[in-house]
1. Quick test for you: out of 169, 111, pick the one residue that is of a type in the set (Phe, Trp, Tyr), out of contact with any Ser or Thr (no Cβ under 9 Å at 6 or more places or on another chain) and touching a residue at least 40 places away in the same chain (Cβ under 8 Å).
2. Within the stretch 124-141, is there a residue that is closer than 21 Å to residue 36 by Cα and open to solvent by 50 Å² or more (accessible area, probe 1.4 Å)?
3. Under 28 Å from residue 142 (Cα atoms) and either modelled with pLDDT under 95 or open to solvent by 70 Å² or more (accessible area, probe 1.4 Å) (or both): is that true of residue 54 in this structure?
4. Quick check, is residue 80 farther than 26 Å from residue 205 by Cβ, assigned to a helix (DSSP H, G or I) and open to solvent by less than 70 Å² (accessible area, probe 1.4 Å)?
5. Residues being acidic (Asp, Glu) and open to solvent by less than 20 Å² (accessible area, probe 1.4 Å): count how many of those fall in the stretch 1-16.
6. Condition check: surrounded by fewer than 18 Cβ atoms within 10 Å (Cβ to Cβ) and modelled with pLDDT of 95 or more. Does residue 206 satisfy that?
7. Taking the conditions exactly as written (of a type in the set (D, E, K, R) and either modelled with pLDDT of 95 or more or open to solvent by less than 60 Å² (accessible area, probe 1.4 Å) (or both)), does residue 75 satisfy them or not?
8. Could you tell me whether any residue of the stretch 187-198 is farther than 21 Å from residue 119 by Cα and either buried (at least 18 other Cβ atoms within 10 Å of the Cβ) or touching an Asp or Glu at 6+ places or on another chain (Cβ under 7 Å) (or both)?
Amino acid sequence: MVRNSFSHVDTWVFDLDNTLYPPQMRLFDQIEVRMTNWVMRELGVDQSRANHLRGHYWQLYGTTLAGLMREHDIDPVGYLSDVHDIDFSVLQPDAQLAGRIGALPGRRIVFTNGDAPYAGKVLAARGLSGLFDAVYGVEHAGYLPKPEAGAFQTVFALDGLNPKTAAMFEDDPRNLAVPHAMGLRTVHIAPAPEPAPHIHHHADDLSTFLALLTQD
C-alpha cells in the first residue's frame, strides 16, 4: 500500500541533517555549539543571549543564518564556513541505506539549509557520495531557507523537477508544508510522528521506509 502511493514519483528530494543520518549521531550538536560561539564573538553577547538568539532566529526565520542576515546583515559565506568546521567522524557509512537510495527509480537530489560543500562532506562520511543527481544548498536559494516558499520555488525551478511527480523526505515538519501544497508526496523522518494535514507518511528510520519502496 505504501509503495503504491509513490508509483507516480520520478524525483526524490532528501533533506540532509537528521534525515540522511540519524539524529542520535549528534552531528548537529557540534554545529549548534559553533553557531553559539559565532554569535557570541561577532555580536558581542554572552552565551545565554547567544543561545537565545540562535533558537529564536531558527524558530522565527527557519534558520539562525536567516535571522542573522535579516537582523544583523551578516556575511553568510564566512558564517557557513565557520559553523561547518566540525568533526564528521561521528557519522558512520551506511551501505544498506546507500543501496536503497540507489534503487529508487528516477532522479535523486539533496536540498539542505546548509551549504553544498558541507552537504558533500556529510554524504562522503555516510558513504552516499555519487548517489545524487544534484545537491542544492541554501546558497542555491539565494540564502532563503526552508520553510520559505521562495526557497522551494527557486531550487525546484533550478532543478526542473515536476512537483506533481516528486517526493520529499524531511525531519522538520515545518519544511513539508510548502512541498505538500506544491503537490509533492511528503515523508516526515523523525523519532516521533507529528501528525499534520501536510504530512502523508511518517517513519522513524529512513532506510527502513525506503525498503518498503524498493524491495520486491
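The values are calculated or read from the model by the stated rules, or taken from the named source; none is laboratory data. Values in this document were obtained by computation on a predicted structure and should not be read as measured data. Don't worry about glycine lacking a Cβ; one is built from the backbone with ideal geometry, like all the others, and counts go over all protein chains shown. SASA here: full protein model, heavy atoms, side chains in, ligands and nucleic acids out. Shrake-Rupley method; radii C 1.70, N 1.55, O 1.52, S 1.80 Å.
1. 111
2. Step one: list which residues in the stretch 124-141 are closer than 21 Å to residue 36 by Cα, which gives 138.
Now drop any that are not open to solvent by 50 Å² or more (accessible area, probe 1.4 Å), which leaves none.
No: the stretch 124-141 contains no residue that is closer than 21 Å to residue 36 by Cα and open to solvent by 50 Å² or more (accessible area, probe 1.4 Å).
3. So residue 54 fits the description; yes.
4. In short, yes.
5. Of the stretch 1-16, the ones acidic (Asp, Glu) are 10, 15.
Adding the requirement that they be open to solvent by less than 20 Å² (accessible area, probe 1.4 Å) leaves 15.
Of the residues in the stretch 1-16, 1 are acidic (Asp, Glu) and open to solvent by less than 20 Å² (accessible area, probe 1.4 Å).
6. Criteria not met by residue 206.
7. Against the criterion (of a type in the set (D, E, K, R) and either modelled with pLDDT of 95 or more or open to solvent by less than 60 Å² (accessible area, probe 1.4 Å) (or both)), residue 75 does not qualify.
8. Pass one, the stretch 187-198, residues farther than 21 Å from residue 119 by Cα: 191-198.
Then keep just the ones that are either buried (at least 18 other Cβ atoms within 10 Å of the Cβ) or touching an Asp or Glu at 6+ places or on another chain (Cβ under 7 Å) (or both); that gives 191.
Yes, the stretch 187-198 has at least one match.
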